1. Just checking, how many residues over the range 73-129 are of a type in the set (A, V, I, L, M, F, W, C), more than 13 Å from the chain's Cα centre (by Cα) and open to solvent by less than 30 Å² (accessible area, probe 1.4 Å)?
2. Return the total of residues in the range 157-193 being of a type in the set (Val, Ile, Thr) and in contact (Cβ under 8 Å) with a residue 40 or more places away in the chain.
3. Among the listed residues Glu132, Glu138, Glu153, Glu184, which satisfies the condition of being more than 18 Å from Phe115 (Cβ to Cβ) and under 14 Å from the mean Cα position of the chain (by Cα)?
4. Looking at the range 35-43, can you tell me whether even one residue there is closer than 14 Å to Ala134 by Cβ and surrounded by 23 or more Cβ atoms within 10 Å (Cβ to Cβ)?
5. Consider Pro65 against the criteria (1) over 15 Å from Glu138 (Cα atoms); (2) open to solvent by less than 40 Å² (accessible area, probe 1.4 Å): it satisfies all of them except one. Which criterion is unmet?
6. Considering only residues of the range 151-183 that are touching a helix residue (DSSP H, G or I) at 6+ places or on another chain (Cβ under 9 Å) and either among the aromatic types (Phe, Trp, Tyr) or open to solvent by less than 50 Å² (accessible area, probe 1.4 Å) (or both), which is modelled with the lowest pLDDT?
7. Kindly check whether there is at least one residue in the range 124-137 that is among the charged types (D, E, K, R), closer than 21 Å to Gly42 by Cβ and in contact (Cβ under 8 Å) with a residue 40 or more places away in the chain.
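The values are calculated or read from the model by the stated rules, or taken from the named source; none is laboratory data. Computed from a prediction, not measured in an experiment: that's the story for all the values here. No Cβ is skipped: glycine too gets one built from the backbone with ideal geometry, and neighbour counts run over all protein chains shown. We work out accessible area using only protein heavy atoms, side chains counted, and drop any ligands, DNA or RNA first. Shrake-Rupley method; radii C 1.70, N 1.55, O 1.52, S 1.80 Å.
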Amino acid sequence: MGDDLIARARRVLADYRPRPAGVEVADARDAAVLVLLADYLGEAHVVLTLRTDTVEHHKGQISFPGGARHGKDEDLVLTALRETWEEIGVHPHDVDLIGRLDEIVTVSNFRVAPFVGVLKRTPYPYAPSPVEVAEVLEVPLRHLLDPANKVYEPRVAWGGGSAFSPVYWYHSYRIWGATARMLEGFLDLLERGP
């Protein structure tokens, strides 16, 4: 099944044209994340991190590996790969990039470009940064695709007002915020794709 979902992701993303954030925010910082897929014994997983309580942004939250673009980064692809290397020890040569998802703007004022990649080998010897990452999570995609594991919760919308945002549950882990929004976009593409 993992091979099927990863193959579907490859097909869907091969022709997908990501949309810009659709909202322009003054002084938003460019950032990138890696939606990293891994096939473990025929089951597709997505790699997430539980952030430490000492990291600068999003303390204690579940996130994709990634972060702000540095001046030395030629482009946002390099940002996503560099941050993944720094946060969980996945070498860029061990990632097969297969596409990009829609940009989002976060309430913490980042314009985030999500890239999708597949680990070339599993199991992977992750080396999480003790400053940034408390735990590396490998969540089965089939679990996230099950509607029983997704709810919508009210949130303050960008610019005021309210909106309902997706929240995914994996055991006792609550995946919410920008990570859940990007994850929902990716899973929707998978479900609609060929």
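1. Going residue by residue through the range 73-129, those that are of a type in the set (A, V, I, L, M, F, W, C) are 76-78, 80-81, 85, 88, 90, 95, 97-98, 101, 104-105, 107, 110, 112-113, 115-116, 118-119, 127.
Add one more test, that the residue is more than 13 Å from the chain's Cα centre (by Cα), and what stays is 76-78, 85, 88, 90, 95, 97-98, 105, 107, 110, 119, 127.
So of that shortlist, the ones also open to solvent by less than 30 Å² (accessible area, probe 1.4 Å) come out as 76, 88, 90, 95, 98, 105, 110, 119.
The total comes to 8.
2. The initial filter retains those residues of the range 157-193 that are of a type in the set (Val, Ile, Thr), namely 167, 175, 179.
Cutting the leftovers down to in contact (Cβ under 8 Å) with a residue 40 or more places away in the chain gives us 175, 179.
Result for the range 157-193: 2.
3. Details: Glu132 fails: under 14 Å from the mean Cα position of the chain (by Cα); Glu153 fails: under 14 Å from the mean Cα position of the chain (by Cα); Glu184 fails: more than 18 Å from Phe115 (Cβ to Cβ).
So the residue among Glu132, Glu138, Glu153, Glu184 that is more than 18 Å from Phe115 (Cβ to Cβ) and under 14 Å from the mean Cα position of the chain (by Cα) is Glu138.
4. Residues of the range 35-43 that are closer than 14 Å to Ala134 by Cβ, as a first pass: none.
Looking through the range 35-43, none of the residues is closer than 14 Å to Ala134 by Cβ and surrounded by 23 or more Cβ atoms within 10 Å (Cβ to Cβ).
5. Every condition holds for Pro65 apart from (1).
6. Selected residue: Ser165.
7. Checked against the condition, which is being among the charged types (D, E, K, R), closer than 21 Å to Gly42 by Cβ and in contact (Cβ under 8 Å) with a residue 40 or more places away in the chain, the range 124-137 yields no hits at all.
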